[in-house]
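In what follows, a single structure is set out as structure tokens and then discussed.
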């Protein structure tokens, strides 16, 4: 099973909890990343939060040599010294909690793709340096000529063989290393030597990368290791790009411990572009570009509960320390609020060196280079700042926009854009001035990849690009703010704007371009106050009535529904007010609930006195009542009584173990009495996390039936 990157991960909860009608709200379903696999193990997001900020051992184990069999000498082939334990200690002492070890393997393979044991031992030695300092380690496949190749789109079979050979040996060597060790499938895989090496990949090239990523995940999960199922695995898109038109093509395996691997030397003009004469100022335009890039990653992945790791980032030393400090503050403050760990690229090049001076630690004397130490210190200052909560803005806000019909259509297409065609990636230039744009949003209606917009002056110069600040993927509309346009162009120069284009990095059809009123209205997702009670209707007589009894303060108004899943979510709505005794009784004909429905939900959408609300239910048939608390036949593992055994049942046990007052019998989200009986799947010792672990082992196929050990059923 695979899914596109923008889909949300869910564990197998009742399907009713995944469906919505316009009148309904639901409590947020459990995410797979919220599930703890066993005692002491971390979720994917817990791992990325602990990683915080990292450092790359760049141009060292990833160095290549002119020698055909360089052996251990390749470590110093690019001029860096041999890595020592003291070097890693210095990185830890500075505040870094993660070390990425870029590693090249192809020069250390024999004709059968066997890794030189001495090289593997050396890699392991450096990993051990980091583990001794209780640091997280990212180990990857780096600078591989057989990965970065012009025929990438047709080389899957050859690449698969070599990649699987390398990772099978590496995974076996490190099988007993815990979750502090992270595997990264590839580094910046791309069609090297082509005209589109760094942008606009062909679909066949994307397909090769997606298939290799999937193979990598499947292989690691098959290795006999205590951590094979919960080791965090990083997978890249084409060239690990931070461009939305590229990473939107990434296919993510359906796995709870996957992080997207992105490299973002952003904004490029400030951090890397040696053709620009002046890097002395970190401008508003640069900041605006950076925020647009990072926001895109948050909105596409983090907001959908998919972790992101920025495996490489840096600002080259252009003798501009003060500006780099401003950049570092902006960069890390933003990624921290989004919950994205960043790993600083360090190639040990101190001076201004045409965009590749990423020297931070002087590896010879273990001091920090004077031009770069303030940059690192600023990063650590932000990480230590408790006023910036980690992941405080993981969820993207909901933005309300005017309907396109209310605006002015300035371009009527369609225009078929293709970045691989000469002069085929832009719409015709439109005559647009700042007077037209001021106070407006540009709205581009499109299909395919979301475009950018570009502006020029009257002489078709000063080409300036702006990315969308919001994209409605369902309607196919990208929105661009006049505020972002002014920041990118230069607020004091906006009167020079004369022309506007829409441009693609891939393949896009621009249908229309509108000017609409600037939105500005950010609406946070409404707080979900729905109270949900699970109804066990497996043996309920359909000739009777379902009687719901709600108790709270007299005169309280409330409404809600009884909902269940057929082909679609079906809701029988009710409303009322409690009487003088504080009771509201709701009766629903069981004939309205098909025999196939074994489990339903009583939902309370609104209640004046919800904090004191108590609930009970029963099915009444011809004067005979069937109490809801009468135990049914034991269905081991079905803790939430939804007729299935899945990770949601394990989660409920762990919630109960942590907070029995909140998740005990009779509580809105608690375990029913029948659920308590079903939950005891490991001995007759009551409900413990050991029961949750047994359920997960059952779902993973590690055991074939429940209970795991002999259990004497509780008397019915």
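Values in this text are rule-based calculations from the coordinates and carry no lab data. The structure displayed is predicted, hence computed values, not measured ones. Cβ sites come from the backbone with ideal geometry, for glycine too, and all protein chains shown count toward neighbours.
A simple spin-label model places pseudo-atoms 7 Å from Cα toward Cβ; at residue 463 and residue 164 they are separated by 4.3 nm. In the chain, helical runs assigned H by DSSP with n ≥ 4 each contribute -39500 (n - 2.57); averaged across all residues and rounded to the nearest 500, the mean residue ellipticity at 222 nm is -7500 deg cm²/dmol.
Each label point is 7 Å from the Cα along the Cα-to-Cβ direction; what then is the distance between the points at residue 398 and residue 575, in nm? Those two pseudo-labels are separated by 2.0 nm.
Axis of helix 117-132 versus longest Cα principal axis of the chain: the two differ by about 60°, to the nearest ten degrees. When the convex hull of the Cα atoms of segment 531-699 is projected onto a plane and the area is averaged over all directions, what value comes out in nm²? Spelled out: convex hull of the Cα atoms, projected over all directions, averaged, 10.3 nm².
Here the chain carries DSSP beta bridges of which approximately 75% are antiparallel, counting only pairs with both residues inside. Expressed per residue, the C-alpha convex hull volume of segment 183-241 stands at 69 Å³. Once the Kirkwood radius over Cα pairs is known for segment 549-618, the Stokes-Einstein relation at 10 °C and 1.306 mPa s delivers a diffusion coefficient of 124 µm²/s. In a fully extended conformation the segment linking residue 198 and residue 178 would gain 3.7 nm over its present Cα-Cα distance, using 0.36 nm per residue. Inter-label distance, residue 150 to residue 228: 4.1 nm, where each label sits 7 Å from its Cα along the C-beta direction.
You can think of it this way: the chain between residue 373 and residue 475 has 32.0 nm of extra reach, that is 0.36 nm per residue less the Cα-Cα gap.
Rg and Dmax over the alpha-carbon atoms of segment 87-214 stand at 16.1, 46 Å. The protection proxy used here, the mean number of other Cβ atoms lying within 10 Å of each residue, ranks peptides 274-283, 298-307 as follows, highest first: 298-307, 274-283. Taking Cα atoms only, the orientation of helix 85-94 departs from the longest principal axis of the chain by about 70 degrees.
The separation of segment 276-333 from segment 588-619, counted between C-alpha centres, amounts to 50 Å.
Can you compute the FRET efficiency between residue 616 and residue 447 using 1/(1 + (r/R0)^6), with r the Cβ-Cβ distance and R0 = 60 Å? Round to the nearest 0.05. After rounding, the FRET efficiency stands at 0.70. Spatial offset of segment 123-187 relative to segment 356-412 amounts to 27 Å, using the alpha carbon center of each. Shown is the FRET efficiency for residue 538 and residue 207, computed with R0 = 51 Å from the Cβ-Cβ distance and rounded to the nearest 0.05: 0.65. Here segment 574-615 is treated as an ellipsoid with the same Cα gyration tensor; its semi-axes, largest first and in whole Å, are 25, 13, 8.
The Cα trace of segment 303-442 gives Rg and Dmax of 21.6, 65 Å, the first to one decimal, the second as a whole number.
Our analysis of segment 398-523 gives Rg over Rh at 0.94, with the two radii drawn from alpha carbon positions and Rh computed by the Kirkwood formula. A P(r) calculated from all alpha carbon pairs of the chain, with 20 Å bins opening at zero, reads 15, 42, 32, 10, 0 percent. Here the contact order of the chain, divided by its residue count and restricted to Cα pairs under 8 Å and six or more residues apart, works out to 11 percent.
Angle, helix 203-222 long axis vs. longest principal axis of the chain, Cα atoms, 0 to 90°, nearest 10? That helix lies at roughly 60 degrees to the long axis. Projected over every direction and averaged, the convex hull enclosing the alpha-carbon atoms of segment 375-422 yields 8.6 nm². How high is the FRET efficiency between residue 284 and residue 254 when r is their beta carbon distance and R₀ equals 35 Å, given to the nearest 0.05? Working from the Cβ atoms, E equals 0.25. Look at where the Cα atoms of segment 416-436 and of segment 662-691 average out, and the two centres are 62 Å apart.
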